[in-house]
Amino acid sequence: MLLLTHNMLTSNCIKGVSNGYPLIIKATSIKKLESDFNPEFLIRMIPKLDWSAFYKATLMLGDAEISIPEKLIDSYEKDSEFLKKVHHALLEVEVVEGDLECPESGRKFPISSGIPNMLLKEDEI
Amino acid sequence: MAQLPTPVYNIEHILNSNVYEPSEDTFLLLDALESDLPSLECLNPTLVVEIGPGSGLIITALAKLLQGKAQCLAVDINPNACVVTQNTSESNRVKVEVIQSDLLSGLRREQKIDVLVFNPPYVVTPSEEVTEGEVIVRAYAGGHKGREVMDRLFPLLSSSLSDKGILYLLVIKENDPEDIIHRLSQYGFIGKTLLTRQVPGEKLSVLKFTRSCDEKQL
Ligand SMILES: C[S@@+](CC[C@H](N)C(=O)[O-])C[C@H]1O[C@@H](n2cnc3c(N)ncnc32)[C@H](O)[C@@H]1O
């Protein structure tokens with residue numbers, strides 16, 4: 001699971017959970033990937049992100065190489081240093097094993113081999 | 001004419017894992033996507049999602065087409081399908097993010113999906129098979145009119161697809177495509193048939209939906 005995917009996941013499908021976002025990342029294994037830097041794609045993707053959740057996710061991983069500013073900067077389109085940091089945090093860090101935890105109910109969603117399991121039991125919906 | 005790349009896949013691995021084998025429906029959907037490449041290019045999608053990727057063939061073909069220009073995401077209830085989809089994308093050297101979930105639950109619904117592809121369980125079966133069947137049964141069991149799974153997706157579309165978002169949906173005659181188009185028009189989408197093919201025992205079609213113009217002006 002990339003942080004890009006984490007940004008889109010929520011536990012508000014659980015009965016009684018209203019926000020459920022962002023999910024807390026409890027990673028036990030993280031892998032670094034290499035992917036081609038594509039600024040044009042990032043510029044289209046950044047507006048789709050919840051920046052504050054993305055920033056929190058980078059903190060949860062506690063890795064100095066993964067650092068983005070707390071607030072989205074102005075005119076990021078032209079700032080290739082900034083875009084490179086976003087690229088790394090968003091697309092080159094894979095949470096391979098661990099859990100995602102609902103911030104409201106504490107329900108854990110296991111991640112195994114990079115695949116988060118968001119399936120709920122019938123009585124949770 | 002532009003082509004949709006054909007992914008390599010390991011049929012033994014797919015069959016041994018109890019995952020839906022690429023079939024006529026899979027290939028019709030690939031052909032439909034290929035025939036619609038001009039709209040896909042014009043859309044320049046950022047986020048592409050496939051529900052129920054099974055072997056992962058379709059989402060991997062899209063990931064190969066879009067190489068780094070879009071994020072591809074696949075959601076399946078079947079854990080084996082999730083693993084096989086990941087393997088298929090890896091053997092084609094593209095990145096597809098895989099999530100085990102039911103339809104779009106677990107995903108934030110903020111109109112971000114630019115392309116949504118679904119080859120749903122569409123076979124007419126007893127309703128029990130839709131919820132109580134083994135995972136491999138749930139790959140095809142569609143319950144009443146074969147509509148029970150796809151019908152649950154329709155109310156989520158308007159909040160999930162981006163302004164210019166497209167849904168590609170595979171259906172059979174028994175699903176009543178005209179009625180599906182009518183239902184989705186009530187949610188603000190216009191639908192048309194992109195491709196139809198008669199194969200032994202099934203009349204397959206791929207429907208394409210976009211937001212209707214009135215909806216866009218709202
Ligand atoms: C007809 S198969 C299509 C597989 C593949 N896309 C293809 O075309 O070959 C349907 C797939 O949807 C999955 N599926 C069924 N119900 C689902 C649901 N509620 N949410 C997500 N995936 C589902 C099944 O596990 C299966 O992989």
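Does A:Leu42 satisfy the condition of being within 14 Å of chain B (Cβ to nearest Cβ) and either touching a residue at least 24 places away in the same chain (Cβ under 8 Å) or open to solvent by 20 Å² or more (accessible area, probe 1.4 Å) (or both)? Judged against the criteria, A:Leu42 is a match. Helices (runs of 4 or more DSSP H) fully within region B:2-100 that include at least 1 residues being within 14 Å of the ligand (Cβ to nearest atom) and within 14 Å of chain A (Cβ to nearest Cβ): B:57-66, B:79-91. Has region A:105-112 got any residue that is within 11 Å of another protein chain (Cβ to nearest Cβ) and open to solvent by 10 Å² or more (accessible area, probe 1.4 Å)? Taking every residue of region A:105-112 in turn, at least one turns out to be within 11 Å of another protein chain (Cβ to nearest Cβ) and open to solvent by 10 Å² or more (accessible area, probe 1.4 Å).
Taking region B:153-177 on its own, how many of its residues are of a type in the set (Phe, Trp, Tyr) and without any contact (Cβ under 8 Å) to a residue 40 or more places away in the chain?
To start, the set of residues in region B:153-177 that are of a type in the set (Phe, Trp, Tyr) comprises B:154, B:168.
Within this subset, residues satisfying the condition of being without any contact (Cβ under 8 Å) to a residue 40 or more places away in the chain are B:154.
So the answer is 1.
Is there a residue being out of contact with any strand residue (DSSP E or B) (no Cβ under 9 Å at 6 or more places or on another chain), more than 10 Å from chain A (Cβ to nearest Cβ) and modelled with pLDDT of 95 or more anywhere in region B:115-125? No, every residue in region B:115-125 fails to be out of contact with any strand residue (DSSP E or B) (no Cβ under 9 Å at 6 or more places or on another chain), more than 10 Å from chain A (Cβ to nearest Cβ) and modelled with pLDDT of 95 or more.
Of the residues in region B:131-152, how many are near the ligand (Cβ under 8 Å from one of its atoms) and within 13 Å of chain A (Cβ to nearest Cβ)? Selection size over region B:131-152: 3. Of all residue pairs spaced 6 or more apart or on separate chains, those with beta-carbon atoms under 7 Å, a first member in region B:21-45 that is without any contact (Cβ under 8 Å) to a residue 40 or more places away in the chain and charged (D, E, K, R) and a second member that is in a helix (DSSP H, G or I) and within 10 Å of the ligand (Cβ to nearest atom) are B:Glu21/B:Ile14.
Considering A:Lys15, A:Lys31, A:Lys48, which residue is of a type in the set (D, E, K, R), open to solvent by 60 Å² or more (accessible area, probe 1.4 Å) and touching a strand residue (DSSP E or B) at 6+ places or on another chain (Cβ under 8 Å)? Steps first, answer last, please.
Working: A:Lys15 fails: touching a strand residue (DSSP E or B) at 6+ places or on another chain (Cβ under 8 Å); A:Lys48 fails: open to solvent by 60 Å² or more (accessible area, probe 1.4 Å).
That would be A:Lys31, the only listed residue that is of a type in the set (D, E, K, R), open to solvent by 60 Å² or more (accessible area, probe 1.4 Å) and touching a strand residue (DSSP E or B) at 6+ places or on another chain (Cβ under 8 Å).
No other residue among B:Leu103, B:Leu184, B:Leu153, B:Leu157 is outside any strand (DSSP E or B), at pLDDT 95 or above and open to solvent by 10 Å² or more (accessible area, probe 1.4 Å) apart from B:Leu103. Quick check: anything in region B:90-100 surrounded by 24 or more Cβ atoms within 10 Å (Cβ to Cβ), of a type in the set (Ser, Thr, Tyr) and modelled with pLDDT of 95 or more? No: region B:90-100 contains no residue that is surrounded by 24 or more Cβ atoms within 10 Å (Cβ to Cβ), of a type in the set (Ser, Thr, Tyr) and modelled with pLDDT of 95 or more.
The values are calculated or read from the model by the stated rules, or taken from the named source; none is laboratory data. Treat the numbers as computed from the prediction; the structure is a model and nothing was measured. For neighbour counting, all protein chains shown are included, and Cβ atoms are generated from backbone atoms with ideal geometry for every residue, glycine included. Keep in mind that these areas ignore ligands, DNA and RNA; they rest on the heavy atoms of the full protein, side chains included. Shrake-Rupley method; radii C 1.70, N 1.55, O 1.52, S 1.80 Å.
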